[in-house]
Structure formats: C-alpha cells, structure tokens
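Engineer: Sharing a structure here in structure tokens format.
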Amino acid sequence: MIRIALLVAGKDLRIERRSRVLLWQVLPFGVTGLLLSGLALGPTQAGHSSAAPGLFYLVMLLVALLMINRSQVIEGSTGTKTSIATLGLDPAGVFLGKALALAVELWLTGAVLLAGSVLFLHTALSGTLSALPSVAVTLGALGAAGSLYGALSGGGQGPATLLPMLSLPAFAPLLIAGERSFSAALRHGSIWRWWVISLVALVAYLALGILLYGVLEES
Amino acid sequence: MIKQLAQRLLGPLTLVLLVLTFWLGLWVTPPDKIQGNLARLLYVHPAVAWVALYVSFGTAAVASALYLWKRTRSQVMDRIAHCAMEVSIVFIIVTLITGSIWGRPTWGVWWAWDARLTSTAILGLFELAYLALRRANDDPDLRARRSAVFAIIAAVNVPIIHFSVDWWNTLHQGATAFTENGNLLVHGIMLWTLFISLFAFTLLFFWLLRARYRLEVLRDEKYHASLDEALAQRRREGVH
Amino acid sequence: MPDADVSHHVTPVAAPPIKPRGRWRTLGVLVVLALAVLALLSQGLLRSLNYFETIDQAMSSRAKLGTQTFRLEGVVVAHTIDRTSTGASFWMSGGHHHEIFVNAHGTPPQLFQSNIPVVVEGHFTSETSDRFYGTQILVKHTASYISAHPHRVKAPNGTVR
C-alpha cells in the first residue's frame, strides 16, 4: 500500500512539475487573494494582523479547491484512472498517494502564502514560524479530505460547483482549528490544543479514505 | 393485511396526533414559570429537531450503509436514503427557523455561533450537498454509491450535534425532558404534550417519506415508459 | 506470417494478482477512527469550542484573560439589577461563591431577571479588576419547564382562580 502510495504521489507531482500549473496559475492566484484581502481590510486593520490567520486559511481553502479539482482532472483526462483500475492497484494506496501529492502541493503554496502574510498582513515572523507545525498538519488534513471529496465529486467530471458544495462544510472544522492555533502562535500562546484537533482530523480523513475510496472507484 | 391497514391509518393518525399536539400545546398546557407562553415552542421545536437529526437523517444513513453492504444492496435502499434525506432537509430548515423564533425573545439574538447551532447548520449544508451530488450523476449505480458514501461521512456530525451541549459550554439548553440522572425537567401535562408531539412528528416523517417514495417510484416508471415509447417509435420509423 | 504465430501473439495476458483486502484492514481503520474520537474527547481538548467561560473558569484563568473580550456566564444575583439609560448593571455569581459586578450596555432580552443564568459578552475593565464591562447580555434559559401557576384551579363557571 505504501509503495503504491509513493508511486501515485510521485506521478502526480511529476505531472505538476512538468505542467507548471501550480507555479504559474495557482500560486499567483493565492498571492492575489492575500493581497486583495489586505486591500479589503484597509491599511489600518491589515496592519494589526489579527485577521491574518483567518484570511490565510480562507485563501488556502480557495487554492485547495483548485488543486483538488486539478488532482482529479489529471486522472480522468489522460486515461490514467482507467489504467490504474485495470492494473488492479490497491485503492487505499492510490488514495494515500493522491492525498500525499496534494499535501505536498499545499505545503509549498502554504509556505509562499505565509511569507506573503508576513509581508502584506504584517504577521510577526516569530509567531508565524511557531505556527508552522500546526499549519503543516492542518494542510495535510486538507489534502486528505480533499482527495476523498475530489473522488466523491466525480473525479473532475462533475459540475464545477459540486466540489465546493461537498467539501466546504467538512473543511469548516479545519479552518477553525488552523485559524485558532495560528492566532495563538501570534499571541505567543500554546498552539498544541488546536494542533491535536487538526491531527485527529488528518487521521480520521486518512482512515475514511482508506476505507471508502475503493467503493468510489469501483467500476 | 396488517401492513395495508397500517398504511391506510398512517395519514389520519398523523393528522389526529398533530391536531391533539396543537390543541394541548396552545390551549390546555399552562405557561412556563420563567418563559411564559414562549415555552409553547417546546411542543414543536424539539420534536422537529428530533425528526431532522435522528429519525430522518438516521433513516438515510442506515439505508446508505445497507446500500454499500453488498448483501443488502438494492435500489430500494438508495431510494429510501434519497427520500429520507429530502424530508430531513425540510425538518432541518424548520428546526433552524423555530429555533431562531425561540432564541430571539429568550436569548436576545436570532442566531448564536455556539456548538449546537453551528453543527446543526453544518448538517443542513451536508444535506444540501448530498442532493447536489445526486443531481450531478446520471449513472444510477454511480450516483447511489457516491451519495451513500457521502451520507455516511456526514453522519459523523450527528453524535457531535447530540453531545455538543454536554461536551461544551453552549448557549443552547441541555438535554430536554430528563437530566443525565433521569430526573424530570418538564412537568405534568407539559411533559405528556412533549411526548405526543415527538410521536406525532415522527409519524409525519414516515407519512412524508412514504409519499415521497411513491412519487420516486412513479417518476422512475414514467421515465422507463417514455424510454420504451421512444424506442418503439424508432423501431416503427425503421419499419416504415 | 503463418496463422499459428498470430494465435501465439494474441494469448491474453493474465491480470496482476490483487491481494485480498478484507476485514482486518476495515477493523484496523475503525479502531483508528475510534481512537481519534477518544483522543478528541480526552483531556478536555475541545474546551476551546466553548461558547462562554463560566465565572469559575474565568477566575481560575484571570491573569491570562487580562482585558481581552470573551463571553462570561453566571447567574444574576437577586435584587442587584439596576437598569440604566444605556443598559443594566448587576452582580453575577458563579459556582464557588465568586461574584462579579457587571456593567452592561445595550437593551437586555425580555427574560432578563433575577436568578436567571446569563451570558455577557465583554471584558474585565483592567488587568487586575474583577469588574466586567459588557456589550451584550444573552439569557441562557435552562431546560426546566414548570407551570407558572401550578395551584390555580378551575371554578365551576369555567374561570381560573
């Protein structure tokens, strides 16, 4: 299962590296979102940075929706899905691989957007750095949940509005946990209480994906 | 014989119990010591919420699980899940509306971001997403499988809603009718009216579910009949 | 090319073996899910989702709360309500005989009265003070429902006394 997961993750990441969609489309979209958030708050409020954790995660959610959709489209459009099905690969391994690839992409985007929040929203660098463990786990959970909901929404074949509708209610607890721990880090408080909630969400989504992904991909 | 009788009696019995609930709730029961006449919502809101969260959503989740289990997989289970979820949405909306109407004069606000209210609203969003998911898939088998998986994931929310008032400090009141130790919280005729309302709204759910299920069967029959008709027409065109 | 060679080339390739994935994995995953839920419930990890802090909770973390805004819950002490032109001031008590003076702005809800649990949104007036400045009062009614006039009887002419 782990071997298949690494193979699938490698395949997805190679496709992303070659197509450069992440670099030239998704990342600029995220940075623009962050910049617009700062403009919407105005110079006085943006400077106080108390809204920064919420805005960071809101932009990350929008970016994640694009990535999840893309992660499913690359399966369907190139016939990879059919190939994987005929190869008889363990669906749990395929799910873990897709979740891992999505998490890596989210971590890379998250790193850029965190730098952006220091720059545009004036979040303290030390607080932002101490929020890193929580951001990493929350984005990992977002990747796991996203892979499951991506498959549910029809693997990129369904209408574009379906994925946000299915996944946003489920992302709400991650948004809350991520935002609270980031805010706690900026106030030099403990991030661990919320970090554990993100970790439990990560474990729960991975478990659900391992259990149910096969049913979704069953032909 | 008994099944037919039960089916015939379901509608009239539901109507009688609902009328009885409203008569007891509006005319017979006394006003509450603290809340006065506002407490009469006790005979609507908890019963509607009970049906929305446990009876209807529970039916949908169990039918979905039975659909995913290969031994019990059938179109009947998929239809039950779908119809129960549709009815559940109606009850969730009524739950949120009656809760708001009760909340404004008692709490002082229409809405509060406490754990019980927020998790109930999230369940409503899950249910809307479930219907959107069904509409997005044309293949009946794929649609049934995906929506069954989604219903089971959404079902995780139900115990969270139920225990939210115990796990966290919430503005919403704790368990209705009994404390954890089994002590009565609602007294006299008020308690009996509450129980009758729970029974009446549960029967209303099953009556609505039955009607919605029959509608779904008729819709499927009409679809297949029109498909057969279209095929027959093409064949006739081919002959001429 | 002879026919015999063609038949050799079209011999179907055997599908790769698929390992049976059965009950043990399902069981393992369900155990992981159960452990995840238990982890959430243990040690009050979800306390942060509380809508309010009780007076006892607030007093035990008084230094940490400082003057930050939060919601405070307690019971309105009888005969202490003073309705002002801008709102109301009153004493609020907690479980361990802590009492806090609240000065709240805004119209209180219609159920606001003595001995009723309330949730007040606001903050302590200074880092060390136990006086609370409220911007909104919410009434948290209990789940107890008792008749308003239990001893009333119906007279033969139908009137209630």
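Engineer: So how strong a dipole does region B:71-214 carry about its Cα centre when Lys and Arg Cβ are +1 and Asp and Glu Cβ are -1, to the nearest 20 debye?
Structural biologist: Roughly 520 debye for region B:71-214.
Engineer: Protein chains only, probe 1.4 Å: how do B:H224, B:H45 rank by accessible area, largest first?
Structural biologist: Reading off the accessible areas and sorting them downward yields B:H224, B:H45.
Engineer: Considering only protein heavy atoms, with the full assembly of protein chains and a 1.4 angstrom probe, order B:L133, A:L119, A:L27 by accessible area, largest first.
Structural biologist: A:L119, A:L27, B:L133
Engineer: So, one more: Can you list the HN-Hα couplings for region A:25-40, worked out from phi with the Karplus curve (6.51, -1.76, 1.60; θ = phi - 60°), rounded to whole Hz and with x for Gly and Pro?
Structural biologist: 10, 6, 4, x, 4, x, 5, 4, x, 5, 5, 5, 4, x, 5, 5
Engineer: Still on this structure, I have one more. Under a 10 Å cutoff between Cα atoms, tell me which one of A:P28, A:P133, A:P169 has the largest fluctuation in the Gaussian network model of chain A.
Structural biologist: A:P169
Engineer: Cα extents of region B:6-75 along the three principal axes, largest first, in whole Å?
Structural biologist: 54, 31, 11
Engineer: Interface A/B, total buried accessible area with a 1.4 Å probe, nearest 100 Å²?
Structural biologist: Buried area (both sides, nearest 100 Å²): 1600 Å².
Engineer: What total accessible surface area, summed over both chains, is buried at the interface between chains B and C, computed with a 1.4 Å probe and given in Å² to the nearest 100?
Structural biologist: Using a 1.4 Å probe on protein heavy atoms, the buried area is about 2500 Å².
Engineer: Inside 10 Å of the C-beta atoms of B:135-148, what's the mean count of C-beta atoms belonging to other chains?
Structural biologist: For this peptide, the per-residue mean of nearby foreign Cβ atoms is 3.
Engineer: In region C:50-139, what percent of the accessible surface is made up of carbon and sulfur (1.4 Å probe, ligands and nucleic acids excluded)?
Structural biologist: Whole-percent figure for carbon plus sulfur exposure: 48.
Engineer: Something else now. Evaluate the Debye formula for region B:191-240 with equal point scatterers sitting on the alpha carbons, no solvent, and hand back log10 of I(q)/I(0) at q = 0.15, 0.16, 0.22, 0.24 Å⁻¹, in q order, two decimals.
Structural biologist: -0.60, -0.63, -0.79, -0.84
Engineer: Under 10 Å, Cα contacts only: if you run a Gaussian network model on chain A, which one of A:S134, A:S190, A:S181 comes out with the highest mean-square fluctuation?
Structural biologist: A:S190
Engineer: So if I place +1 on the C-beta of Lys and Arg and -1 on the C-beta of Asp and Glu, and nothing else carries charge, what would the dipole magnitude of the protein assembly as shown be about its Cα centre? I want it in debye, nearest 20.
Structural biologist: The dipole of the protein assembly as shown has a size of about 780 debye.
Engineer: Compute the Rg to Rh ratio over region A:2-217 from the alpha carbon atoms, using the Kirkwood formula for Rh, and round to two decimal places.
Structural biologist: Using only Cα positions, Rg/Rh for region A:2-217 is 0.99.
Engineer: Next up: Once you compute Rg and the Kirkwood Rh from C-alpha atoms, what is the Rg to Rh ratio for the protein assembly as shown?
Structural biologist: Over the Cα atoms of the protein assembly as shown, Rg/Rh equals 1.03.
Engineer: Can you pull a Stokes-Einstein diffusion coefficient for chain B at 10 °C (1.306 mPa s), Rh from Kirkwood over Cα pairs, as a whole number of µm²/s?
Structural biologist: It diffuses with D of about 79 µm²/s by this estimate.
Engineer: Give me the orientation-averaged projected area of the Cα convex hull of region C:50-139, in nm², one decimal.
Structural biologist: In nm², the orientation-averaged hull projection of region C:50-139 is 5.2.
Engineer: Counting only protein heavy atoms and a 1.4 Å probe, tell me what percentage of chain A's accessible area is made up of carbon and sulfur.
Structural biologist: 70 percent
Engineer: Using each residue's phi in region B:223-233, evaluate 6.51 cos²θ - 1.76 cosθ + 1.60 at θ = phi - 60° and report the 3J(HN,Hα) Karplus result to the nearest Hz, with x for Gly and Pro.
Structural biologist: Once θ is set to phi - 60°, the couplings for region B:223-233 become 4, 5, 5, 5, 5, 4, 4, 5, 5, 5, 5 Hz.
Engineer: Can I ask one more? 7 Å from Cα along Cα→Cβ at both A:F29 and C:I116: what's the point-to-point distance in nm?
Structural biologist: Here the answer is 5.0 nm between the modelled labels.
Engineer: Accessible area of A:L61, 1.4 Å probe, to the nearest 10 Å²?
Structural biologist: A:L61 exposes around 20 Å² with every protein chain in place.
Engineer: Still on this structure: Please report, as a whole percent, how much of the solvent-accessible surface of chain B comes from carbon and sulfur atoms (probe radius 1.4 Å).
Structural biologist: Carbon with sulfur: 68 percent of the solvent-accessible area.
Engineer: Using a 1.4 angstrom probe and counting only protein chains, how large is the accessible area of B:D141 in Å², to 10?
Structural biologist: 60 Å²
Engineer: What average count of beta carbons from other chains do you get within 10 Å of the Cβ of residues in B:161-172?
Structural biologist: 4
Engineer: Leaving out ligands, DNA and RNA but keeping every protein chain, what accessible area does B:Y54 have, in Å² rounded to the nearest 10, with a 1.4 Å probe?
Structural biologist: 80 Å²
Engineer: Sort A:M165, B:M1, B:M77 by accessible area with a 1.4 Å probe, largest first.
Structural biologist: B:M1, A:M165, B:M77
Engineer: Taking only protein heavy atoms and a 1.4 Å probe, what accessible area per residue, in Å², does chain A have with all protein chains in place?
Structural biologist: 41 Å²
The values are calculated or read from the model by the stated rules, or taken from the named source; none is laboratory data. These figures come from a predicted structure and were not determined experimentally. Note: ideal-geometry Cβ built from the backbone for every residue, glycine included; neighbour counts use all protein chains shown. Heads up: the accessible areas ignore ligands, DNA and RNA and are worked out on the full protein's heavy atoms, side chains in. Shrake-Rupley method; radii C 1.70, N 1.55, O 1.52, S 1.80 Å.
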